[in-house]
Each structure stands twice: as structure tokens, then as C-alpha cells.
Amino acid sequence: MFIVFILGTAGSGKSHLTAAFSEWLKLSKQDVTIVNLDPGVSKLPYSPEIDVRDYVDIGTVMEEYGLGPNGALIMAADLIADQIERISKEVEELQSDIVLVDTSGQMELFAFRASGPYIANELTKEQKAIVYLFDAVFSVNPLNYVSNLFLSSAIYNRFFLPQIHLLSKSDLLPKEEVNRIVSWSSSSESLGAAIDEKLDGTRRLLSRNMMQAIYKLGLRFLLTPVSAKTNEGMISFNTALERILAQGDKYTF
Ligand SMILES: Nc1nc2c(ncn2[C@@H]2O[C@H](COP(=O)(O)OP(=O)(O)OP(=O)(O)O)[C@@H](O)[C@H]2O)c(=O)[nH]1
Ligand SMILES: [Mg+2]
């Protein structure tokens with residue numbers, strides 16, 4: 001059993017990718033479990049086998065603790081951590097080949113509070129990986145791209161799990177735009193040139209320094225373009241997962 005956490009900024013396409021990739025895996029004869037870790041979501045594009053909303057109700061948390069929506073989400077993240085043993089048991093009992101975990105819209109809840117890494121660690125002792133989404137439309141601007149690079153490095157630093165980077169919703173951009181962003185992820189010269197071309201003044205300087213700091217840390221993540229709408233990139237995404245989780249052995253057929 002492999003556990004895959006899907007992370008990314010709000011609206012980057014986590015839930016739709018979870019839905020599309022699970023369908024793709026099922027066509028490849030995989031037994032898939034989906035875990036919804038987002039307590040605040042009202043509508044999902046899939047039916048999760050395990051749903052934190054069965055454990056924590058955000059409306060009740062707001063009422064019981066007298067909190068607003070954001071305070072309640074923070075509280076809910078901690079309450080979910082308290083329930084991790086039961087959630088973990090549910091995951092283990094299902095015994096599927098692969099578990100996709102859709103995380104909350106407010107990424108900082110999972111990434112930057114103690115409860116996130118705790119949940120990731122305690123959710124069974126199986127092999128795990130993180131998938132981080134770069135929203136394609138947001139990434140067109142090199143300033144946004146570098147900011148996202150920084151966020152993804154912060155995630156890596158928090159979880160210390162193998163991490164895969166995807167350019168999500170890539171169907172929304174023309175092919176050459178997608179290729180350009182992918183080239184930024186494979187070559188610092190290419191990203192540096194885009195920063196010089198599109199940004200100026202302090203923004204240019206800061207972006208260049210941020211990029212260099214990340215490269216100095218040895219964090220280089222090649223982006224794979226994917227689309228939950230057209231299913232583009234699912235094979236490459238799956239190959240990257242197989243490389244990490246099964247040491248290159250194919251688990252799909
Ligand atoms: N064209 C296109 N739209 C997409 C794709 N994936 C997601 N979307 C759209 O982007 C919006 C956000 O998608 P979600 O899957 O809900 O994103 P999310 O990261 O789960 O959002 P939060 O959980 O609220 O942070 C929705 O309107 C989707 O229809 C894609 O691959 N292509
Ligand atoms: Mg979502």
C-alpha cells in the first residue's frame with residue numbers, strides 16, 4: 001500500500017486531480033482509496049472512502065468553541081490529529097494498493113501547523129509521497145513561479161518525504177507556455193532569463209536571490225504538466241510515483 005498526499009495552494013486543482021487520477025488508476029486495475037482531509041469542503045468531485053467530515057463537523061466546532069470559519073478550521077485540524085488512530089485503522093482495513101489523500105484548501109493548515117506532519121506520520125506506516133501542485137495559470141508569471149517554488153521547498157522541509165511536482169490545469173495554457181514553465185523547472189538559466197525579462201527593480205533582485213537560495217539547497221524539482229480535464233500527463237505522473245514508491249517497479253498494468 002502506498003500513501004500519496006496531494007498538496008497545493010487554494011484552488012490549485014487538488015480535488016479534481018485526486019478524482020481524475022483515481023479514475024485513471026482504476027482503469028490500470030488498481031484498488032484505490034481516497035481520503036478527504038478537508039473538513040471545510042462542501043462539495044467534492046469524487047466519493048471518498050474515508051472522509052474527515054465524518055469525524056469533525058466544522059459547523060459544530062464553530063458553535064461549540066465560539067470560533068469564526070478560519071479559527072474553526074485550525075481547531076478542526078487539531079481535532080483530526082486526535083482522531084488519527086481511528087482514521088488510520090480505516091485506511092489499513094481497506095487494504096488498497098494506493099491511497100490518495102486530498103488535503104485542505106487552506107494549505108497552511110496541513111503544511112505549517114504541527115498537526116499536518118503528525119497526521120502524515122501517523123497515517124499508517126506505509127510508504128508515502130507528497131505531490132505538490134503548481135497551478136499553471138498562476139505560474140505563468142516568474143514572480144508567482146518563484147514564490148511557489150519557495151512554498152514547495154517549505155513543504156519539503158516540513159515533511160521530508162519524497163516529493164513530486166506537477167503543473168496542474170495545464171490544459172488552460174497553450175503548449176508553448178506550458179513548455180516554457182517546464183523549462184524553468186529544469187534550468188536555472190531559463191528561469192533566470194525569464195526573471196530578467198519580465199521583472200525589474202527589487203522584484204527582479206529578490207526573485208533571483210530566492211531562486212538561487214533554493215538551488216543552493218539542492219532542491220530541484222522537475223515539473224510534469226497534468227490536466228484533470230484531459231488526463232494529459234497521468235502516465236508521466238504515475239511513472240514518477242512508481243519510481244519513488246516502488247523503486248521503479250510497475251504496479252499498474
Ligand atoms: N481546466 C481545468 N480546470 C481545472 C482542472 N483542475 C481543476 N480545475 C478547476 O479549478 C477549480 C479548483 O479545482 P479544485 O480541484 O477544487 O482545486 P482544490 O485545490 O481542490 O481547491 P481547494 O480545495 O478549494 O483549495 C475548479 O473550478 C475546477 O473545475 C484542470 O485540470 N483543468
Ligand atoms: Mg479541494
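For the stretch 42-97, the helices (runs of 4 or more DSSP H) that sit wholly inside it and include 1 or more residues that are in contact (Cβ under 8 Å) with a residue 24 or more places away in the chain and more than 16 Å from ligand 1 (Cβ to nearest atom) are 69-82, 84-94.
Residues in the stretch 115-135 that are more than 14 Å from the chain's Cα centre (by Cα) and in contact (Cβ under 8 Å) with a residue 24 or more places away in the chain: Ser115, Tyr118, Ile119, Glu122, Leu123, Thr124, Glu126, Gln127. Among the conditions (1) surrounded by fewer than 18 Cβ atoms within 10 Å (Cβ to Cβ); (2) modelled with pLDDT of 95 or more, Val41 misses just one, which is (2).
Every condition in (1) touching a residue at least 60 places away in the same chain (Cβ under 8 Å); (2) small (Gly, Ala, Ser); (3) assigned to a helix (DSSP H, G or I) holds for Ser104 except the one numbered (3).
I need the full set of residues from the stretch 60-92 which are out of contact with any helix residue (DSSP H, G or I) (no Cβ under 8 Å at 6 or more places or on another chain) and among the small types (Gly, Ala, Ser), in order please. Across the stretch 60-92, the qualifying residue is only Gly66. Quick check on the stretch 6-20: of everything there that is of a type outside the set (A, V, I, L, M) and over 15 Å from Glu49 (Cα atoms), which residue is farthest from ligand 2 (Cβ to nearest atom)? Filtering the stretch 6-20 for residues that are of a type outside the set (A, V, I, L, M) and over 15 Å from Glu49 (Cα atoms), the one farthest from ligand 2 (Cβ to nearest atom) comes out as Thr9.
The values are calculated or read from the model by the stated rules, or taken from the named source; none is laboratory data. If you're wondering where the values come from, they're calculated on a predicted model, not measured in any experiment. Neighbour counts are summed over all protein chains in view; Cβ atoms, including those assigned to glycine, are modelled from backbone coordinates with ideal geometry.
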